[in-house]
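Quick notes on the structure that follows.
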Ligand SMILES: [Ca+2]
Ligand SMILES: [Ca+2]
């Protein structure tokens, strides 16, 4: 009886179809280079979700990439959306969660809004995770409390996926 039950269980797993991107709550944009979630998550859950499908929270490592997201595809980006930067670990040392590359010193390749990263909210809550936020229409980086839930952008990494 146990054997039959196991066989049935294996059969039902094997028969399960892989989920489509839309079933996963993801909308591809920029020729499929990025996936925008339709649901909200904390930064850590968003990062783990992207990893679970073989991608990573987006790392914005060139000016072209920043302009692609914020100019060409600006209408696809919500007013607040998590990307892969964080200073969890050492305050002020921002790095990309997937590559662990530290970008805090690279002022030519950071796209913070004036006054950001602020490090804390007006109420003193620590801000360790990076998002694009629309400031007067312009999408720029802001650090925000990691436990806050926002939509997020997974980046498809051919080297990883
Ligand atoms: Ca990237
Ligand atoms: Ca901030």
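The values are calculated or read from the model by the stated rules, or taken from the named source; none is laboratory data. It should be emphasised that the depicted structure is a prediction, and the values quoted were computed from it without experimental measurement. Please note: Cβ atoms are built from the backbone with ideal geometry, for glycine as well, and neighbour counts cover all protein chains shown.
Quick notes
- Among the residues of the stretch 54-85, those identified as surrounded by fewer than 15 Cβ atoms within 10 Å (Cβ to Cβ) and out of contact with any strand residue (DSSP E or B) (no Cβ under 7 Å at 6 or more places or on another chain) are 54, 62, 63, 64, 67, 71, 72, 75.
- From 139, 88, residue being within 16 Å of ligand 2 (Cβ to nearest atom) and touching a helix residue (DSSP H, G or I) at 6+ places or on another chain (Cβ under 6 Å): 139
- For the stretch 102-127, residues that are in contact with a strand residue (DSSP E or B) (Cβ under 6 Å, 6 or more places away or on another chain) and in a loop (DSSP other than H, G, I, E, B) total 5.
- Number of positions in the stretch 102-154 that are within 21 Å of residue 48 (Cβ to Cβ) and modelled with pLDDT under 95: 0
- Criterion violated by residue 107 - all others in (1) more than 26 Å from residue 38 (Cα to Cα); (2) within 16 Å of ligand 2 (Cβ to nearest atom); (3) free of Cβ contacts under 8 Å to residues at least 12 places away in the same chain satisfied: (2)
- Pair list, Cβ under 8 Å, 6 or more apart: the stretch 114-132 residue farther than 15 Å from residue 43 by Cβ, other residue within 10 Å of ligand 2 (Cβ to nearest atom) and in a loop (DSSP other than H, G, I, E, B): 118/127; 119/127; 120/127
- Residue in the stretch 150-159 that is within 16 Å of ligand 2 (Cβ to nearest atom) and either over 19 Å from the mean Cα position of the chain (by Cα) or on the phi < 0 side of the Ramachandran plot (or both) present: yes
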